[in-house]
Amino acid sequence: MAPELSSSTREEREAFIKETFWCRSDCDSCGICQVYGGKEPLIVYEDYIEGKRTFQEIAEQYRR
């Protein structure tokens, strides 16, 4: 579960994104970047990491 903005540090949120969406270097079997339109998750979740928007707000943008 993603750390809440109000009770986490920038470093904790960044670590969560890195651990959750780590690059497996096998695009054919992973597909994480495809979910985010070819964008790296650290870029997609930048506003979450910086404490501007919740994880859920950003994730909902990419649900289809």
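The values are calculated or read from the model by the stated rules, or taken from the named source; none is laboratory data. Every value quoted in this text rests on a predicted model; they were computed, and no experiment measured them. With ideal geometry, Cβ positions are generated from the backbone for all residues, glycine too; neighbour counts draw on all protein chains shown. Accessible surface is based on the protein model in full, side chains and every heavy atom, while ligands, DNA and RNA are left aside. Shrake-Rupley method; radii C 1.70, N 1.55, O 1.52, S 1.80 Å.
Of note:
- Residue match in the range 38-56 (condition: free of Cβ contacts under 8 Å to residues at least 12 places away in the same chain, of a type in the set (Asp, Glu), surrounded by 15 or more Cβ atoms within 10 Å (Cβ to Cβ) and out of contact with any Gly (no Cβ under 9 Å at 6 or more places or on another chain)): yes
- Selection count, the range 37-64, where residues are closer than 14 Å to Pro3 by Cβ, of a type outside the set (A, V, I, L, M, F, W, C) and part of a helix (DSSP H, G or I): 2
- Members of the range 3-27 that are open to solvent by 60 Å² or more (accessible area, probe 1.4 Å) and charged (D, E, K, R): Glu4, Arg10, Glu11, Glu12, Lys18, Glu19, Arg24, Asp26
- From Cys23, Cys30, residue being at pLDDT below 95, touching a Lys or Arg at 6+ places or on another chain (Cβ under 9 Å) and assigned to a loop (DSSP other than H, G, I, E, B): Cys30
- Pairing residues of the range 1-30 that are among the small types (Gly, Ala, Ser) with residues that are open to solvent by 50 Å² or more (accessible area, probe 1.4 Å), at Cβ distances under 9 Å and at least 6 apart in sequence or on separate chains, gives Ala2/Thr20; Ala2/Thr54; Ala2/Gln56.
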